[in-house]
Every structure is written in C-alpha cells, then in structure tokens.
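The values are calculated or read from the model by the stated rules, or taken from the named source; none is laboratory data. The structure displayed is predicted, hence computed values, not measured ones. Positions of Cβ are backbone-derived with ideal geometry, glycine not excepted, and every protein chain shown enters the neighbour counts.
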Amino acid sequence: MNHDVDVEVNGESYSRQVETRLLLSDFLRHELGLTGTHVGCEHGVCGACTVLLDGVPVRSCLTFAVQATGHSIMTVEGLSGDPDDLHPLQAAFHEAHGLQCGFCTPGILMTLLPFLEENTDPTEEEIRLALSGNLCRCTGYQHIVDAVKLAAAKRRDGITTPAQEADVEGEAGML
Amino acid sequence: MSVITFHVSRFTFQTYPMKPTPFEYYAPRIRQEALELLAEYAGEAKVLAGGQSLVPSMNFRLAQPSILVDLNGVDDLFGITPAEGGGLLVGAMTRHRMVERSSIVAERAPLIAEAMPYIAHPQIRNRGTFGGSLAHADPAAELPALAVALDAQMRVQNASGDRWIPAADFFLGLFTTALEPDEMLVEVEIPPLPRRTGTAFEEFARRHGDYALVGAAAVVTLGDDGTVAECKLVFLSVGDMPVVAASASEVLRGQRPTEDAIRAAAKALAADIEPQADIHATAEYRMHLSKVLARRTLARAVQRASGA
C-alpha cells in the first residue's frame, strides 16, 4: 500500500514512495532526516511535532505523509540554515531562557512564527492561549512568555531574519 | 522510537514501527468520486476529514479502517456562505479556524463564534473541520451540542442523492449518527435566529483546550411582553450525545427571566441530565457544574436577547 509523496519542505522538493500509513512526523524524521521535528505523544496533545503546512501550524503526527503531496511544509530547520545564525525567534528563546531541555521548543517555534506575524504586540493572555496546544514540562512557561515578548519586540524593530539578527548581535558585541 | 537498519549487500533498507494499521488511500478531487468510493466500499471505507480525531484513534489502533477516502482535496466541501433569510451554510470540510474567523458566523451565528475558541488548541483548529466534528459525534465535543441548540440541518449525500436531517435526529448515541455507511455529511445549514433572541455558550475544562467536564449552550427568545417565549438549553459531556434540558427550559418558558426564575430552571436540571463519573470528575461535581453553567449561560442569553 505504497503511495507517492511529492512535497516541498523548507523550500526543497522531495519525492518519495512511502506507505500510506506513514505519519508526516515520521516521514520528516526518518525519510528526510529532519529530526528537528520532535515526536512526543503521537496523538495530538503535546504539540512537539507542530510544523507549518502551507504556512499554518498543524500537528504532523495527525497528518499522513501522503496528504502533504502538492503542499509545502516548513519545519524548525527552515528557520535558519546555519546553527550559528539563529533566527530572531530562536535568538529570543536563547536570550530569555525560553527552554531547558528543548524537546518542546521546535513545536513552540513553529506555532509562534505565524502567530507573531499576525500579532505584533501580543498580550500575555494572547501568548498563553497561542501556546495552549504546546506542552512544556521544564520551564513553567514564564520564560517562554518572556521569550515571545522579546521576539515580538525584535519583530517590531524590524529584525525578522537570521542575517538581521546576526547584525544586531555583531553591533552589540562591538560595544 | 528505535530505527532498525538492515544492511543487505551494498543497499541499506531502513524500517521503523508504524503506528496505524495499513490502509488503501484515495484522495478524490471531486465530490461525486468520493461518494462513489463510499458506495463501492460501504462499511469498509472511512472518510478522512481533518483527521484530528480519526488519526489519533488510528495511531492507537482503536480504529483500523482498511480504506480511507481523504476529502481534503474536494474543494466544494469548503466554505461558509450566507443563506437566504438570515441563516448560513457551512461546508463540511470548512476548518474550525475559518469558522472562528468568519464575520458571517460572528454576525449570524454568534453562539458558534463564542464557542469556537473552546475547541481544542489552535493547531487542531487549523486542521479540524466543522463537518468532521459533527460526523464524529463525540459527546464531549462542542459542535454537536451547538447544532442541536441552533436546530441545524445536516445535508448528507450518497452517490445517488441527498437528504436533510435535523440535528436533533442526527445524533443517535456515543460516536453514532444517522449517517449510513455510503453517506457523508456535506453541508450544514444554520437557520437564522428569531428576533429578540440571545445565545450564550460556556464550558469548564481543567486546562484550556482540554475536553470539557461540562459545557452548556443556551438560546433564549423573549416575547414582546418581556417573558421567555422560547428557551433551549443543551449540554455536552453529560451523556452519550448532546443532551437537551427540556425540564429546565420548560420552567423558564412563559416566565419573566429574573434571577430567581433562572435559578429555578437550573434546579430543574436534575430531571434532565444524569452526569456520569469518570477519572476527570465525579457525577456530583458534574451536576454542580451543570447548574452553574446553566445559570450563567441563561443569564447571558437573556441579557443579549434584551438587547437584540
């Protein structure tokens, strides 16, 4: 019961033949080697596997890989091409200590990316509601909320790409 | 999860555990094609809408359908349109997110707009569908109770024709609807609210987005003399399908909707519902919550009806 999958992930096209029952989360991790997408509960509760499907955050464990045919996916790897050049959203989590073990972080980042595009100055309540579908067992969420506020502030300052983030960090380093 | 790697000569095969059992997958682009697949494989095929309930149960192997008919590519099942006379039509594949953000829904079915943010989490609402939730008929879900409260009409179709089923006749029990194996829900009509009608929804869950311990939807119409002309109170999570609190509504009908009258209606609930205990709440606690939610939703519906 194999089926073709032709999908764009982080701007690159992939074609594979997979079993129809292969979940998108396992496809990303095992077929494409994109292990940044984490797999926690595998029944749609924890949010660790959240990816963008045509720009919209969805649970990749509740979607079959075959359903992604003709669509575009963005995973946490798509935020930045270089581990030394963090996306401003990642940098905000780094600076505000928005993670401890980091298992939930990829899903949280992918949930927040479109959220911050739509909400330039979110309130704490809006942030907490946006993150209600992402479980974190380490932080108690307070630092995550701080990180989201910081990320929103970066966006308002026009810092939206890893390159812009690197420029700011470079300037800060020279002071 | 462990990945098992086999090395056979110079080829490497990787395999890994699969959660669901194998199935044949069809992704029709047009509705008739989907209906013909359902006719051909009636009883074997399962419709895949948003998959936010079906896929978890497949991951747990509670559901093991041998054939899936994926409706995500059937464009004419998506969308919200105003209906003549002030109601609206919602295509079965319309995502919760679209309903939540729809100005037509906010204006013509404020009860649905009020309840949408309670449905699971943002990521689930991005994918889950209006019709999928109704056809799944989870007694803890919001939309079945709202459909009953608003006297929605369900349009179901098979390869040879269609029929309309009132929401009150659509839900038959736990995860059970009036849909025949070769039929699918294609569209839902929400009729317009009568004038001087107010609605309200509220539910209680331990954490936002969890299944509610109890939820209540109230629809109240006031007469010109200020008494309650019509009242409907529907609960979720207190039975195996949406439960209409007929006695409580009867207590309020014909009365001035004072605080005392609303309190009396909430008291009458004992005759309408018999909540069960489970690991989340005792029966007594669910009953208590039901009365509180009845009072709150009725009071808000009355207030909104006065302003309408």
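When residues of the stretch B:76-103 are filtered for being within 13 Å of another protein chain (Cβ to nearest Cβ) and either surrounded by fewer than 17 Cβ atoms within 10 Å (Cβ to Cβ) or basic (Lys, Arg) (or both), how many remain?
So the count comes out to 3.
Looking at A:147, A:92, A:153, which is the one that is touching a Phe, Trp or Tyr at 6+ places or on another chain (Cβ under 6 Å) and away from every other protein chain (no Cβ under 12 Å)?
None of the other options fit; the residue is A:147.
Among the residues of the stretch B:14-25, is any modelled with pLDDT of 95 or more and either closer than 21 Å to residue B:188 by Cα or touching a His at 6+ places or on another chain (Cβ under 8 Å) (or both)?
Yes; the residues of the stretch B:14-25 include at least one that is modelled with pLDDT of 95 or more and either closer than 21 Å to residue B:188 by Cα or touching a His at 6+ places or on another chain (Cβ under 8 Å) (or both).
If I go through the stretch A:6-44 residue by residue, how many of them are among the β-branched types (Val, Ile, Thr), within 11 Å of another protein chain (Cβ to nearest Cβ) and over 19 Å from residue A:111 (Cα atoms)?
Residues meeting the conditions: 2.
Could we say that residue A:100 is touching a helix residue (DSSP H, G or I) at 6+ places or on another chain (Cβ under 9 Å) and either over 21 Å from residue A:11 (Cβ atoms) or free of Cβ contacts under 8 Å to residues at least 24 places away in the same chain (or both) here?
Working: touching a helix residue (DSSP H, G or I) at 6+ places or on another chain (Cβ under 9 Å): yes; either over 21 Å from residue A:11 (Cβ atoms) or free of Cβ contacts under 8 Å to residues at least 24 places away in the same chain (or both): yes.
The answer is yes for residue A:100.
Looking at the stretch B:150-171, I want the residues that are within 20 Å of residue B:233 (Cβ to Cβ) and have a partner that is assigned to a loop (DSSP other than H, G, I, E, B) and among the acidic types (Asp, Glu) with Cβ atoms under 8 Å, at least 6 apart or on another chain. Which pairs are those?
Cβ pairs passing all conditions: B:166/B:151; B:167/B:151; B:168/B:151.
Please give the number of the condition residue B:63 fails out of (1) of a type outside the set (Lys, Arg); (2) within 25 Å of residue B:152 (Cα to Cα); (3) surrounded by fewer than 23 Cβ atoms within 10 Å (Cβ to Cβ); (4) in contact with a helix residue (DSSP H, G or I) (Cβ under 8 Å, 6 or more places away or on another chain).
(2)
For the stretch A:139-153, what are the residues that are at pLDDT 95 or above and either in contact with a Ser or Thr (Cβ under 8 Å, 6 or more places away or on another chain) or loosely packed, with under 15 Cβ neighbours inside 10 Å (or both)?
Filtering the stretch A:139-153 down to residues at pLDDT 95 or above leaves A:141-153.
Within the stretch A:139-153, A:142, A:152, A:153 qualify.
If I filter the stretch A:61-78 down to residues being in a helix (DSSP H, G or I) and either modelled with pLDDT under 95 or within 10 Å of chain B (Cβ to nearest Cβ) (or both), which single residue comes out as surrounded by the most Cβ atoms within 10 Å (Cβ to Cβ)?
Checking each candidate, the answer is A:61.
May I ask you to say which residue of B:224, B:278, B:240, B:210 is in contact (Cβ under 8 Å) with a residue 60 or more places away in the chain, among the acidic types (Asp, Glu) and surrounded by fewer than 24 Cβ atoms within 10 Å (Cβ to Cβ)? Show your work before the answer.
Values: B:224 fails: in contact (Cβ under 8 Å) with a residue 60 or more places away in the chain; B:278 fails: in contact (Cβ under 8 Å) with a residue 60 or more places away in the chain; B:210 fails: in contact (Cβ under 8 Å) with a residue 60 or more places away in the chain.
When all the criteria are applied, what remains is B:240.
Restricting to the stretch A:104-136, count the residues that are assigned to a loop (DSSP other than H, G, I, E, B) and either on the phi > 0 side of the Ramachandran plot or within 14 Å of chain B (Cβ to nearest Cβ) (or both).
If we filter the stretch A:104-136 for residues that are assigned to a loop (DSSP other than H, G, I, E, B), which is where we start, we get A:104, A:119-123, A:131-136.
Of the ones still in play, those that are also either on the phi > 0 side of the Ramachandran plot or within 14 Å of chain B (Cβ to nearest Cβ) (or both) are A:104, A:119, A:122, A:131-136.
Number satisfying all stated conditions: 9.
Starting from residues that are of a type in the set (Ser, Thr, Tyr) and in a loop (DSSP other than H, G, I, E, B), keep the ones in the stretch B:15-53 and report whichever is farthest from the other protein chains (Cβ to nearest Cβ).
Residues of the stretch B:15-53 that are of a type in the set (Ser, Thr, Tyr), as a first pass: B:15-16, B:21, B:25-26, B:41, B:53.
Among the residues that remain, those that are also in a loop (DSSP other than H, G, I, E, B) are: B:16, B:21, B:41, B:53.
Values: B:16: 5, B:21: 7, B:41: 14, B:53: 9 Å.
Out of the qualifying residues, it is B:41.
So, restricting to strands (runs of 3 or more DSSP E) that lie completely within the stretch B:128-240, which ones have at least 2 residues that are closer than 30 Å to residue A:135 by Cβ?
B:197-204, B:214-222, B:228-236
Being among the acidic types (Asp, Glu) and under 23 Å from residue B:210 (Cβ atoms) is the filter here, so list the residues in the stretch B:257-308 that pass it.
Once the filter is applied, which keeps residues that are among the acidic types (Asp, Glu) and under 23 Å from residue B:210 (Cβ atoms), the stretch B:257-308 yields B:274, B:278, B:284.
Could you look through the stretch A:81-97, keep only residues that are touching a Leu at 6+ places or on another chain (Cβ under 6 Å) and assigned to a loop (DSSP other than H, G, I, E, B), and pick out the one that is nearest to residue A:141 (Cα to Cα)?
A:96
Does residue B:163 meet the test of being out of contact with any Gly (no Cβ under 9 Å at 6 or more places or on another chain), within 22 Å of residue A:115 (Cβ to Cβ) and surrounded by fewer than 22 Cβ atoms within 10 Å (Cβ to Cβ)? Steps first, answer last, please.
Details: out of contact with any Gly (no Cβ under 9 Å at 6 or more places or on another chain): yes; within 22 Å of residue A:115 (Cβ to Cβ): no; surrounded by fewer than 22 Cβ atoms within 10 Å (Cβ to Cβ): yes.
Against the criterion (out of contact with any Gly (no Cβ under 9 Å at 6 or more places or on another chain), within 22 Å of residue A:115 (Cβ to Cβ) and surrounded by fewer than 22 Cβ atoms within 10 Å (Cβ to Cβ)), residue B:163 does not qualify.
Could you check the stretch B:33-80 and list, in sequence order, the residues that are over 22 Å from the mean Cα position of the chain (by Cα) and among the acidic types (Asp, Glu)?
Selection gives B:33, B:36, B:40, B:44.
Return the total of residues in the stretch A:67-105 being hydrophobic (A, V, I, L, M, F, W, C) and closer than 30 Å to residue B:74 by Cα.
At the first step, the residues of the stretch A:67-105 found to be hydrophobic (A, V, I, L, M, F, W, C) are A:68, A:73-74, A:76, A:79, A:86, A:89, A:91-93, A:96, A:99, A:101, A:103-104.
Right, trim to closer than 30 Å to residue B:74 by Cα and you get A:68, A:73-74, A:76.
Total meeting the criteria: 4.
Need pairs with beta-carbon distance below 8 Å; first residue free of Cβ contacts under 8 Å to residues at least 12 places away in the same chain and within the stretch A:22-47, second buried (at least 22 other Cβ atoms within 10 Å of the Cβ); sequence gap 6+ or separate chains.
Going by the 8 Å Cβ cut-off, the qualifying pairs are A:29/A:37; A:35/A:29.
Among the numbered criteria (1) among the small types (Gly, Ala, Ser); (2) modelled with pLDDT under 95; (3) exposed (fewer than 12 other Cβ atoms within 10 Å of the Cβ), which one does residue B:42 miss?
With (1) among the small types (Gly, Ala, Ser); (2) modelled with pLDDT under 95; (3) exposed (fewer than 12 other Cβ atoms within 10 Å of the Cβ) applied to residue B:42, the lone miss is (3).
Quick one: residue A:57 ticks every box in (1) over 19 Å from residue B:54 (Cβ atoms); (2) out of contact with any helix residue (DSSP H, G or I) (no Cβ under 8 Å at 6 or more places or on another chain); (3) within 7 Å of another protein chain (Cβ to nearest Cβ) except a single one, so which number is it?
Among (1) over 19 Å from residue B:54 (Cβ atoms); (2) out of contact with any helix residue (DSSP H, G or I) (no Cβ under 8 Å at 6 or more places or on another chain); (3) within 7 Å of another protein chain (Cβ to nearest Cβ), the lone unmet condition for residue A:57 is (2).
Can you work out which of the residues in the stretch B:54-70 that are of a type in the set (A, V, I, L, M) and within 11 Å of chain A (Cβ to nearest Cβ) is farthest from residue B:184 (Cα to Cα)?
Among residues in the stretch B:54-70 that are of a type in the set (A, V, I, L, M) and within 11 Å of chain A (Cβ to nearest Cβ), the one farthest from residue B:184 (Cα to Cα) is B:62.
What residue, among those in the stretch B:227-237 that are out of contact with any Lys or Arg (no Cβ under 6 Å at 6 or more places or on another chain) and closer than 18 Å to residue B:305 by Cβ, is surrounded by the most Cβ atoms within 10 Å (Cβ to Cβ)? Please lay out each step first, then the result.
Step one: filter the stretch B:227-237 for residues out of contact with any Lys or Arg (no Cβ under 6 Å at 6 or more places or on another chain), giving B:229-230, B:232-237.
If we keep only those that are closer than 18 Å to residue B:305 by Cβ as well, we get B:229-230, B:232-234.
Numbers: B:229: 17, B:230: 16, B:232: 20, B:233: 31, B:234: 25.
So the residue we want is B:233.
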